[in-house]
Structures are given as structure tokens and as C-alpha cells.
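I have placed the structure first, in the form of C-alpha cells, so that the comments after it can refer back to it.
The values are calculated or read from the model by the stated rules, or taken from the named source; none is laboratory data. Quick caveat, the model's predicted, so the values are computed rather than measured. Cβ: placed from backbone, ideal geometry, glycine included. Neighbour counts: every protein chain shown.
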């Protein structure tokens, strides 16, 4: 508990001093030219951890989460509204475990999403929270899964549906910023055996937690 209080105090201290430091950095330059306002494009490279929920389908207790690099491209309609194309630059790898924690195999997925976002506050604020909602698809591949009494290939249909995003950007200067975000995907892909649907949906509904560095221009 003491370590949590110390960490919280450190974060609050950093949050208190960061705006002042950022304002001083701007005061040393011409504010009419050194500004994030009016820039229409941004790119963010980072890494995210994707974790599906437990007990997604009968006989499966857990899809282990995994990390992957991510890339985001945004077009800012104005300083507050943006359209973002986000996706995994490589595949998330999941180990699949049964109800007794036995290993059932592995599967990979690679999501991509298009979202509308609203960024709060002024473009040059140190901290800029944002929210977003959109549509995503996630393709499953390299399924290497086993089940009792099943000899045919077990796979998952492409997941598709709504995605929600919450996050915060921290401006380093008028061009560079750091980003932390969390995303929720409504994922209910159908389980297939031998290429045919079974009528059973895997209720994966994963969350991602990501961190990255971005640039706007």
C-alpha cells in the first residue's frame, strides 16, 4: 500500500509540473509558429497488449494475452475531431488453454480499425484526453487447435464489430507527443470445424492497452 501511495504522489507531482515546463518551452519560441494547432495529420507507433476474456466458449478456459507492435494514422478535421486508422503491425499470438489449464494450441490474430475520435481541450494542452468509436475487423490465422474427438481443422471466423477507445496524449512539443490508450473490441467469431460453421461463437471481447510515440504534421 505504501508503494502505491508513493507512485500516486509521484504521478501527481509530474502532472503538476509538466504543464509549467511545457509552457516555459513554448515561451522560449514564437507562439504563432510553434503550435500543434492546425496540423491535420498524425502518426503513432507503439506496442499494445491484447487480452481476450476468460471462458470464451465451452471447453476453453483462457486465451492468453500477448503483445504486438501497432501503428496509427490520423486525419484531424480540426483541432478536436479526427478520423483514425489503427491496426497491429504484426500478429498477436495467443496460447489457448482448456478448463483444466491443459494446452489446446495456439492462434494468431491481426486487428485493424477505423474510428472517429474527439480530442478534448486545446491542441497545445500538455494532456489531451480523447475518446473514439468505430468499426474493426480481426483476421485469425495459423490456428493450431485440438479438441477431444475432433480430427478436422479447428478455426475461427474473422471477428468484426464495434470498437471503443479511450486515451490521452501528452504533448512533448508542437510536433511530438506520447500516447497511452485502451481499446475494447466486441469480438464474437464463430468457431469452425473442417471449414464449416458450428453455430458456437467464441466470446473473446478483448481489451488492448497500448503505449506509443507520435508525431503530427
Practice task
Could you tell me whether residue 197 is surrounded by fewer than 16 Cβ atoms within 10 Å (Cβ to Cβ) and in contact (Cβ under 8 Å) with a residue 12 or more places away in the chain?
Solution key: yes
Handout entry: Residue that is more than 14 Å from residue 87 (Cα to Cα) and either in a loop (DSSP other than H, G, I, E, B) or modelled with pLDDT of 95 or more (or both), where the choices are 182, 215
Key = 215
Handout entry: Qualifying residue in the range 147-165 (condition: closer than 15 Å to residue 72 by Cβ and surrounded by 19 or more Cβ atoms within 10 Å (Cβ to Cβ))
Key = yes
Handout entry: Selection count where residues are under 21 Å from the mean Cα position of the chain (by Cα) and surrounded by fewer than 18 Cβ atoms within 10 Å (Cβ to Cβ), scope the range 179-193
Key = 5
Exercise for the section: Output the number of residues of the range 138-156 satisfying the condition of being farther than 20 Å from residue 203 by Cα and assigned to a strand (DSSP E or B). Expected result: 1
Handout entry: Sole residue being within 24 Å of residue 182 (Cα to Cα) and either at pLDDT below 95 or surrounded by 18 or more Cβ atoms within 10 Å (Cβ to Cβ) (or both), chosen from 10, 31, 27, 3
Key = 10
Completion exercise
Picking from 108, 152, 143, the residue that is at pLDDT 95 or above and more than 30 Å from residue 40 (Cβ to Cβ) would be 108
Exercise for the section: Evaluate the range 167-178: report whether one residue or more is closer than 20 Å to residue 50 by Cβ, loosely packed, with under 14 Cβ neighbours inside 10 Å and touching a residue at least 12 places away in the same chain (Cβ under 8 Å). Expected result: no
Completion exercise
Within the range 34-51, restricting to residues that are under 24 Å from the mean Cα position of the chain (by Cα) and part of a loop (DSSP other than H, G, I, E, B), the one that is surrounded by the fewest Cβ atoms within 10 Å (Cβ to Cβ) is 40
Problem - Candidates 54, 78, filtered to the one that is at pLDDT 90 or above, over 30 Å from residue 205 (Cα atoms) and under 27 Å from the mean Cα position of the chain (by Cα) - result: 78
Exercise for the section: Please specify each residue of the range 93-109 satisfying the condition of being more than 20 Å from residue 153 (Cα to Cα) and within 15 Å of the chain's Cα centre (by Cα). Expected result: none
